[in-house]
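Below is one structure, written out as structure tokens; the observations come after it.
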Amino acid sequence: VDWNARYLTQDIPWDKGEPHPVLPIFLSKNDGLFSEGKKHTLVPGCGYGHDLSAIAPHSHHITGLDISEEAILKASQLYPQQNISWELGDFFRWHSEKTISYDVIWEHTCFCAISPEKRENYARSASQLLRPGGYLCGIFFLNPNMPPGQGPPFGVTRDELHAYFDPYFQLLWDHPPEATYSGREHRETMMLWQLK
Ligand SMILES: C[S@@+](CC[C@H](N)C(=O)[O-])C[C@H]1O[C@@H](n2cnc3c(N)ncnc32)[C@H](O)[C@@H]1O
């Protein structure tokens, strides 16, 4: 996929123009997750960065990372908040470029955008980017209603998620989001994984 071309031509059906609807609920219940102890959060595949605008007020520092120059440019214009950094880069190479270990990774529609043969790399990259005991947290798109094997977005089963993440992470909880975008009901789950 040429992600930058998708943004330049505005062929971006995933962009809903607002943060994931579960975020206000999730943040009110887990206020310390992104802030206590001066935590630094990474959001890979952040697109226009709407989720970061919701998480930033509850965060010490948060970095949005995307491989599309156009997405990062627009995100930085939409959300110039001081405690957000916008970075152009590849999630799979970011561990060699970053200067710190992150405390939290927020996942939302990045994993499902990655082709299934690279999913093992996603789990390894996440483990390399987090400090020991850090959290991988977010929404996993289980059923994007695509024909088998076709995407993005690529669907995933819970068993597959365990196969990718269990080698590095311990699952702390897994439940459907209390709210979502219209049309995505019953198709996602929320998970909190802790790096072993
Ligand atoms: C389906 S979009 C979701 C964007 C955003 N999370 C949202 O919900 O609006 C997937 C995003 O991942 C980005 N992306 C794909 N592969 C990437 C990689 N290897 N590293 C960083 N970003 C990547 C794309 O440019 C795109 O912005």
For the range 107-114, indicate whether the set of residues that are among the acidic types (Asp, Glu) and crowded, with 16+ Cβ neighbours inside 10 Å is non-empty. yes
Any idea how many residues of the range 64-85 are touching a strand residue (DSSP E or B) at 6+ places or on another chain (Cβ under 9 Å), outside any loop (DSSP other than H, G, I, E, B) and either at positive phi or surrounded by fewer than 21 Cβ atoms within 10 Å (Cβ to Cβ) (or both)? 4
Those residues of the range 17-42 that are crowded, with 18+ Cβ neighbours inside 10 Å and within 16 Å of the ligand (Cβ to nearest atom) come to a total of 6
Can you name the residue in the range 83-100 that is closer than 20 Å to His60 by Cα and at pLDDT 95 or above and is also farthest from the ligand (Cβ to nearest atom) among such residues? Asn83
Are any residues in the range 101-152 away from the ligand (no atom under 13 Å from the Cβ), assigned to a helix (DSSP H, G or I) and hydrophobic (A, V, I, L, M, F, W, C), and if so, which ones? Ala123
Among the candidates Asp90, Asp66, which residue alone is in contact with a Gly (Cβ under 9 Å, 6 or more places away or on another chain) and under 27 Å from Pro132 (Cβ atoms)? Asp66
State the number of residues belonging to the range 173-196 that are without any contact (Cβ under 8 Å) to a residue 24 or more places away in the chain and either in a strand (DSSP E or B) or touching a Cys at 6+ places or on another chain (Cβ under 8 Å) (or both). 3
Scanning the range 1-14 residue by residue, those surrounded by fewer than 16 Cβ atoms within 10 Å (Cβ to Cβ) and of a type in the set (D, E, K, R) turn out to be Asp2, Asp11
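The values are calculated or read from the model by the stated rules, or taken from the named source; none is laboratory data. Keep in mind it's a predicted model, so treat the numbers as computed, not measured. Backbone-built Cβ (ideal geometry, glycine too); neighbour counts: all protein chains shown.
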